[in-house]
Structures are given as structure tokens and as C-alpha cells.
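> This is the structure I want to talk about, given as C-alpha cells.
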Amino acid sequence: MMMMMMKIPQSSIPISRNSQCGISRVFRVLFCTTGTVTPSSSKDTLYRRLVQFGKPTPGFSIQGVLDQWVEEGRALEREELRVTIKQLRKFKRFKEALEVSEWMSDKRFLDLLPGDVAVRLDLISKVHGLEHAEKYFSNIPITLIGVHVYGALLHCFAHAKNIEKTEAVMQKMRELGFAKTALTYNVMLKLYSDMGNHDKLDSLMQEMEEKGIACDKFTYNTRLNAYAYASDLDGMEKLLMKMEADPMVTMSWHAYVVVANGYLKAGAVEKASSMLKKSEQLVRGKERRFAYEVILSLYASIGNKKEVYRIWQLYKTSGRIYNMSYINMISSLVKLDDLDGAEKILEEWEAVKEYFDSRVPNVLISAFCKKGLLGNAESIVNRLMENGMEPIAAIWQHLAAGYHENGDGEKAMETMKKAIAASHPGWKANLATVAACLEYLRGKVSIEAAEEFIELLKEKGCIPTELCDKFVAECQVRIRCT
């Protein structure tokens, strides 16, 4: 039997009807972010004070903000703190959410309920790691350890891809009678699917059937994804038919997209197109933008330019068009080798954009450079600069690579220097382009220029220091031998 390196309290835990009914709620409370948190109508909300956008002011602390809020005579009860924590978690401000949770019990002296403990356990895991989460779990009073806490622990281990410990918690939940809903099983199904243990998916679903636990949309989609990934068309088709026949399952556009992707992976283009048509018919409301982006990308992968343009027109009727949507459309047309069409979309973006995003032109500039159409790429860069927009490092680097391929070493060298100058912390230079520039300098027998170039790379952290030293040594050797 698999053992866990952690303390799981043994069983004097009372299992009430309320505990078992809470199984569904725990996963929704912990892991679903689709709910809407309604902030105060005032601009001066607790959430806005807690979240420091940009650089925090000196002396800022979460506990200090909360203390001041109370000192101002404002009411701050358990439910408002919970709503604030939920909102912080929704926007992945886990550290701040954990500090609010700790203040809730340390300063307000509010007794934590099982749901509060479960949320804190999840936050500790995200902020400090599993070891701290396990230590916290081992010190939770036994009266508070129920389905909420076990559900959080299960998710912590699954999120960390720790199969052994996740399986141990799942077994404990079975023994305590907590594994009674699809939500619990879905955590295991997703873990096995992510880890490629597809053989375990069917046995889990069989266990659900034997216990009378109905599969939900997530259960089916997880299995459908696994069939598509493995190109098991027979299994995929049978499951799709089962879903369509199940009156408890509301078919979504996403399910047909998964199947379309499975067919495409197997080379069944006509069947993939048929599934995309079905998917499109189910697109509704707020999901339209995202759904159309996915469908458009798949039509590009199929090679159907006509459908790509048709979906783009549909997308444009769904409301505001975001920069990422333009990136998606331009990338799709580049994939279809329709560079003229991609350039028209770029010009459309330039005419209507609200915010400049250099990633939009970067897609097309990269494509032009790879095709040797440097004049087209230069034209876009010049247009950007004329409009006061500074190209990012990646754009200059694409041009440098293009100049190198075109045999213009000097221009490649100068443009690569611009890329390094425009780079931000964490940006890494393309080693092949760097090597090409150094090779050009070697041909000019200029060790000083080579060392200056490498020093610039090192200063900006664009390549690892050890590689910089290696490049210097190689240049010195080659130039001496020239």
C-alpha cells in the first residue's frame, strides 16, 4: 500500500450530512474562478488598497492596510474578508490573499471554519510550497478536518504533479466517504491525463459508474482530450456518441474542438472540418471571442484560408477586438503563407489600435525576415518608429538574422547591437545569430570589436556568462589563426 510522508489524522472525524453535501462546494470554492466578485461602488475599496499596482510604496504591508481600514471605523466582517481573499485569488495575488487570511484569525480573532482552513492550505501550498502546506495540515485541529480540507490537500498534491501523495489522499477520501462527486474524481482524472497515465482514466470512470457518480462535462472532456492526444479515434468517437446521447450532458463548442483536433492530428481533415462546423453552432455569448480564436487557429492548421477569413469576420461582430486576436489572425495567415493578407490585417490593427503591442507587428516582421523579404520588414519597422513606437529586441533580432542570411554581416552586427540595447531583463539572444555576428568579426580580424560585442551581451545578461567567456576564448584563438 502506498504510504504518504505526512500525517493524515485517523478517524474519529465525524461525517455529517453537511460534510458530505459540502463535497461539491469545496472544489467550487477553492478552484473555480468563474464567479463574479462584486466590489464596492466606491473607488476606495479594500481590494484596491491591498493591491499595489506597479511598485509598492515604502512601508506598505497588507496587515498595515487592514489595520488602517479598521481604525477608520469601517466595518470588516468575516464575509467581506472572504470576498476579498476570493478576489485576490482570482487575480493570482496568492501572497496577499494568504496575508489577509492570516490577519483574519490573528488580528480579528475570528474562528476559522473548515472552508477558511481549506483556502489557507491551498494558499500556503502556492506561496510557500508543499512542505509548508503539509506541516500546516498536520497541525489542523481534527474537528476542522473534513471534506473541505481533504479536497484542498488533494488539489495541492495534484497541482504539484505528485502522483503518490495525491493517490494516498484520494484513498483516504474514499475510506472517509468523501469521494462522492465527479469533482473529486476530476482532480485525479486531470492529473493522470497531464502525466500521460491514460490507462488509469478508464478504471477511474468505471469506479464512478459503479458508485453511481455521474460524469460531468469536465470528466468527459478530460477523457476526450486523452483519446485525441493518443489518436485513438475509435475511443474518441464512442465517447462523443455517449456524450451526445446523455441527457444530463449539455454539449459545448469545446468538446467538438477537442475532437476536431484529434482528427487533425490523425490526418482526417474532412472529419476535423465537420467537427469545427458543429463547434461553431454551439458558440454563445461571452465565449464567442475565445471560441472563434480557437476555431480560426484550427482552420489555419487544416489549411482552409477561406474559413479563416470567414471566422475572422464573425469574430469582428462579437465586440471589441483585442491585440491578442490580431496576433492570432496574423499568425494564422502566416501559417497559410498569405503574407499579403497578414499585412492588411496589420494595417487594420495600426488604424484602430488603442494600445501599442509590439508582439503584433513582430509576427509579420519575423515571417518577412524568414522569407528574405527584408524590405517589407524594414518598412514596418520604419513605420513604427515614425509613429513614436520603439521596436522590441525580438524585432531587431529577426532583422539581424535576416541580414545575416542575406549575406550582409555588417548590417546584421549593427542591428543585433540594437536588439541587445532594447532588451529587457530575462531576454535571451539567439545563439545562432550571436555566433554569426562573431564569425563576421572574425573575418574582419577584430578581437577588440568581438570582445566589445560580447561584453555588451554579458552586461545585459542576454546569454549565460560562461558562454560569453567561451565565445571570447574561441574568437581569440580563431583570430590568432587567421
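> Please enumerate the residues belonging to the stretch 309-360 that are open to solvent by 20 Å² or more (accessible area, probe 1.4 Å) and of a type in the set (Ser, Thr, Tyr).
309, 317, 318, 322, 331, 355 - these are the residues of the stretch 309-360 that are open to solvent by 20 Å² or more (accessible area, probe 1.4 Å) and of a type in the set (Ser, Thr, Tyr).
> Mind listing just one residue for me: the one in the stretch 373-393 that is of a type outside the set (D, E, K, R) and outside any helix (DSSP H, G or I) and, of those, surrounded by the fewest Cβ atoms within 10 Å (Cβ to Cβ)?
Going through the qualifying residues, I end up with 388.
> Assess whether residue 412 counts as being more than 17 Å from residue 358 (Cα to Cα), at pLDDT below 90 and crowded, with 17+ Cβ neighbours inside 10 Å.
No.
> If you don't mind, another one. Could you please let me know if residue 318 is of a type in the set (Gly, Ala, Ser) and in a helix (DSSP H, G or I)? It would help to see each step written out before you state the result.
Details: of a type in the set (Gly, Ala, Ser): yes; in a helix (DSSP H, G or I): no.
Taking the combined requirement at face value, the residue does not satisfy it.
> Something else: Suppose we filter the stretch 182-232 for residues that are closer than 21 Å to residue 257 by Cα, open to solvent by 40 Å² or more (accessible area, probe 1.4 Å), of a type outside the set (S, T, N, Q) and not in a helix (DSSP H, G or I); how many remain?
4
> Only residues that are modelled with pLDDT under 95 and more than 24 Å from the chain's Cα centre (by Cα): list them for the stretch 242-267, please.
Answer for the stretch 242-267, where residues must be modelled with pLDDT under 95 and more than 24 Å from the chain's Cα centre (by Cα): 242, 243, 244, 245, 246, 247, 248, 249, 250, 251, 266, 267.
> Are any of the residues in the stretch 157-180 in contact (Cβ under 8 Å) with a residue 60 or more places away in the chain, open to solvent by less than 20 Å² (accessible area, probe 1.4 Å), touching a Lys or Arg at 6+ places or on another chain (Cβ under 9 Å) and of a type outside the set (A, V, I, L, M)?
Yes, the stretch 157-180 contains a residue that is in contact (Cβ under 8 Å) with a residue 60 or more places away in the chain, open to solvent by less than 20 Å² (accessible area, probe 1.4 Å), touching a Lys or Arg at 6+ places or on another chain (Cβ under 9 Å) and of a type outside the set (A, V, I, L, M).
> Taking the stretch 90-120, which residues are open to solvent by 30 Å² or more (accessible area, probe 1.4 Å), more than 12 Å from residue 46 (Cβ to Cβ) and part of a helix (DSSP H, G or I)?
Correct list: 90, 94, 95, 99, 102, 106, 114.
The values are calculated or read from the model by the stated rules, or taken from the named source; none is laboratory data. Everything numeric here is computed off the predicted structure, so don't read it as measured data. Methodologically, a virtual Cβ is constructed for each residue, glycine included, from the backbone with ideal geometry; neighbour enumeration extends over all protein chains shown. Side chains are part of the model used for accessible areas, which takes the heavy atoms of the whole protein and leaves out ligands, DNA and RNA. Shrake-Rupley method; radii C 1.70, N 1.55, O 1.52, S 1.80 Å.
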